[in-house]
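Have a look at the structure below, then the notes.
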Amino acid sequence: MGKHFKTIAAISAIVILTLACYAIHKNYSLLFVILIALMGGAGYQIRRMNIRFEALNSELNQIFNKSTNGMLIVDEDHNILQANYAMLKMTGYEPSGASLSRIVGKKCYDIYPNINCNSSSCPCKRIFDGEQFFERDLTISLKDGSQVHCIVAASPFRKDGDRAMSVMLDYKDITERKENEKKFARYRTQLQTMASELSLTEERERRRLATNLHDSVSQNLFITKMKVGALRKCENLVNKDEALSEIYGNIDKALSETRTLIFEISPPILYELGLDSALEWLCDTAGKKHEIKFSYSSDMQDRKVDIDVAILIFQTARELINNVIKHSRATEVQVMLRAGKEYLRCVVEDNGSGFDVSTAQQDLGGNAGFGLFNIKERLSYFEGNLLLESEIGKGTKATVIAPFKSYAREYSEEKNNEN
Ligand SMILES: Nc1ncnc2c1ncn2[C@@H]1O[C@H](COP(=O)(O)OP(=O)(O)O)[C@@H](O)[C@H]1O
Ligand SMILES: [Mg+2]
């Protein structure tokens, strides 16, 4: 504006000077020369302004077309006056050599039909009704049935006066963010459910152990006590041998039941002989109890495993074996322990029914139960992983990967030292 003012002032000054010159000298040719110069100057200025205007226009076009947000300019009758390529992509009109003309000229409600044009939630209506700026979340349903979540921001294009001539709409695609938010919310619910499920499981497990102790060990000891009491009262023991062997048998049974319970709670073999022997024992016991052929192999030799990792792998293998017994109807199971450089792998492979891993993964901690979800969570705390491969009718292969050294323990010890 300042520059235009200067130009006008310069032109006015020259005109005044020219007129003054003419008034003084009455010389037409001088007047003519000055007027030509004046017109040349004005033409030059106009050309410069045109170039600047074109440069500005091209910059604005580039910003509009190259924006990663979808953009539309829409008039009051909902006609699309301009659109950019991001919008073309977002509304599913891409690819196949897409051209902007596929959108331009259409009504905005034709390219995302689920917006209610006459309601107060329509950004165009809000702007034409006089608002300066309007923003809202919007879900666009595409032609292929998929949905795009975006934030649409609308602002007016004004010409003379206050009336909006058209509306500039800016669409920011937030589909990925929304998906992540959903995943995060689902994950949080799973963790909360797992926490409460864990305490319930703990209580159930205590109850089971108490019932087992009552029904087996303490029942046996009670009978034995009665027998010994009766023996004490007998003055002449006729069937001494028979009574003693019955008591001996009862004590033996109680001892074996106690041992079974101890192993169920926490197998001493894991702490005394290590992971390799504990896994072998786990397979032996499971094989004896169920009609499934278990085979175990290992190449661990004397490799040392941190006790935290050994407990983790043992409990994980136990859960995987329980899954095979519970869900797979397998006849054969292979358990393998393999030592890598820094990581070890434990594989549990069955020839059972198999299952749809992708659905189960989504449902982990949901309807399916918490076994696999719990394993995944615990392994990721140790920087390990669980890989599941399964084929319906053919069987399942679960591979547990964990480091020999417990980084998780190092980390929590470091944290404790810091505090
Ligand atoms: N070895 C397997 N064979 C067949 N299905 C399995 C196997 N392991 C897991 N599954 C399926 O995966 C689901 C999730 O297992 P899990 O998380 O341990 O929960 P739960 O055992 O309590 O059902 C099971 O309900 C079952 O349908
Ligand atoms: Mg399970």
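The values are calculated or read from the model by the stated rules, or taken from the named source; none is laboratory data. Everything quoted here is computed from the prediction, not taken from an experiment. Positions of Cβ are backbone-derived with ideal geometry, glycine not excepted, and every protein chain shown enters the neighbour counts.
A few notes on this one:
- Residue in segment 295-317 that is nearest to ligand 1 (Cβ to nearest atom), counting only those that are over 20 Å from SER406 (Cα atoms) and surrounded by 17 or more Cβ atoms within 10 Å (Cβ to Cβ): TYR296
- Residue match in segment 271-294 (condition: exposed (fewer than 14 other Cβ atoms within 10 Å of the Cβ), within 16 Å of ligand 1 (Cβ to nearest atom) and under 30 Å from GLY384 (Cβ atoms)): yes
- Residue in segment 391-410 that is surrounded by fewer than 16 Cβ atoms within 10 Å (Cβ to Cβ), within 14 Å of ligand 1 (Cβ to nearest atom), at pLDDT below 95 and assigned to a helix (DSSP H, G or I) present: no
- As a summary of the residue check, ALA317 satisfies the conditions (1) touching a Cys at 6+ places or on another chain (Cβ under 6 Å); (2) away from ligand 2 (no atom under 16 Å from the Cβ) except for the one numbered (2).
- Matching residues in segment 369-383 - criterion: being without any contact (Cβ under 8 Å) to a residue 40 or more places away in the chain and more than 9 Å from ligand 2 (Cβ to nearest atom): LYS376, SER380, TYR381, GLU383
- Hey, VAL324 surrounded by 19 or more Cβ atoms within 10 Å (Cβ to Cβ), assigned by TED's automatic domain parsing to the domain that holds GLY395 and within 13 Å of ligand 1 (Cβ to nearest atom) or not: yes
- Set side by side, the residues ILE262, ILE269 differ, and just one is assigned to a helix (DSSP H, G or I), over 37 Å from the mean Cα position of the chain (by Cα) and closer than 28 Å to TYR407 by Cα, which is ILE269.
- Of all residues in segment 306-325, none that is at positive phi has its Cβ atom under 7 Å from the Cβ atom of a residue that is within 16 Å of ligand 1 (Cβ to nearest atom) and part of a helix (DSSP H, G or I), 6 or more apart or on another chain.
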